[in-house]
1. If you check TRP83 against the conditions, is it open to solvent by 30 Å² or more (accessible area, probe 1.4 Å) and in a helix (DSSP H, G or I)?
2. Can you find a residue that is modelled with pLDDT of 80 or more, of a type outside the set (A, V, I, L, M, F, W, C), surrounded by 13 or more Cβ atoms within 10 Å (Cβ to Cβ) and farther than 24 Å from PHE133 by Cα anywhere in segment 50-64?
3. Tell me whether segment 151-172 contains one or more residues that are modelled with pLDDT of 65 or more and more than 21 Å from LEU54 (Cβ to Cβ).
4. Tell me which residues, restricted to segment 34-61, are assigned to a loop (DSSP other than H, G, I, E, B) and in contact with a helix residue (DSSP H, G or I) (Cβ under 7 Å, 6 or more places away or on another chain).
5. SER79: among the polar types (S, T, N, Q), at pLDDT below 85 and out of contact with any helix residue (DSSP H, G or I) (no Cβ under 6 Å at 6 or more places or on another chain), yes or no?
6. Filter segment 86-117 down to the residues that are outside any helix (DSSP H, G or I), open to solvent by 60 Å² or more (accessible area, probe 1.4 Å) and in contact (Cβ under 8 Å) with a residue 12 or more places away in the chain and list them by number.
7. On the given criteria, is GLU119 modelled with pLDDT of 65 or more and more than 30 Å from GLY92 (Cβ to Cβ)?
Amino acid sequence: DDVEDLGRTYRARIAQRAGIGSLGETANASYIVDADLENVWWLGAAAAALGDDLRAVIVRRDARATAFSCYKTAFPPASGRMWTDDPEDLGGRLKAIRALEDHWLATLPETSLKVVSYEKLIGDPEAVLNELFEWLGVDSDCAACRRPNATAAAFTSAGAIALRAPAFHLSGLEGWARYEPFLE
């Protein structure tokens, strides 16, 4: 019963952030993407609360690139992401996240969880998105899905500015490399 309450609370919170009455009740919001950095910690509860409705995508990126991206992002103190400010905390947190992702991949059904390579997504977005849309059961003609920068949808994450920009370029994938001599 507590897990069902958690599921209802999560759905209501996401619907409120998306500006709709509840998940899927409007033609403009059939799908909601919750790209919060901390979602991996909640996958077990989400699976229990959402059951067969859970569709989670883990976007895996080169660990060095992920660390660099987190480290250079100025998260507000209220976000609880101060672990991104200290290289040791950041490394430990990213290792824990990867281990937890591996745990969920080993325990949740394939219908609930899918891994996408960030580098492949940036390098060949059409192929990766087509595969992902098929897995999700999303209309592959969804313009907002293919070009989030062109939609009026609300973005509330640290990546909101990046989502409004045109697609990433491969040249930005190795920004961490200039700092490699300082990495352990």
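The values are calculated or read from the model by the stated rules, or taken from the named source; none is laboratory data. In this text the structure is predicted, and so the values were computed from the model without any measurement. Neighbour counts are summed over all protein chains in view; Cβ atoms, including those assigned to glycine, are modelled from backbone coordinates with ideal geometry. The area values use the complete protein model at the heavy-atom level, side chains included, leaving out ligands, DNA and RNA. Shrake-Rupley method; radii C 1.70, N 1.55, O 1.52, S 1.80 Å.
1. No; evaluated as a whole, the condition is false for this residue.
2. Within segment 50-64, one or more residues are modelled with pLDDT of 80 or more, of a type outside the set (A, V, I, L, M, F, W, C), surrounded by 13 or more Cβ atoms within 10 Å (Cβ to Cβ) and farther than 24 Å from PHE133 by Cα.
3. no
4. Passing the criteria: ASP34, LEU54, ARG55, ARG61.
5. Taking the combined requirement at face value, the residue satisfies it.
6. Of everything in segment 86-117, those that are outside any helix (DSSP H, G or I), open to solvent by 60 Å² or more (accessible area, probe 1.4 Å) and in contact (Cβ under 8 Å) with a residue 12 or more places away in the chain turn out to be THR111, VAL115.
7. no
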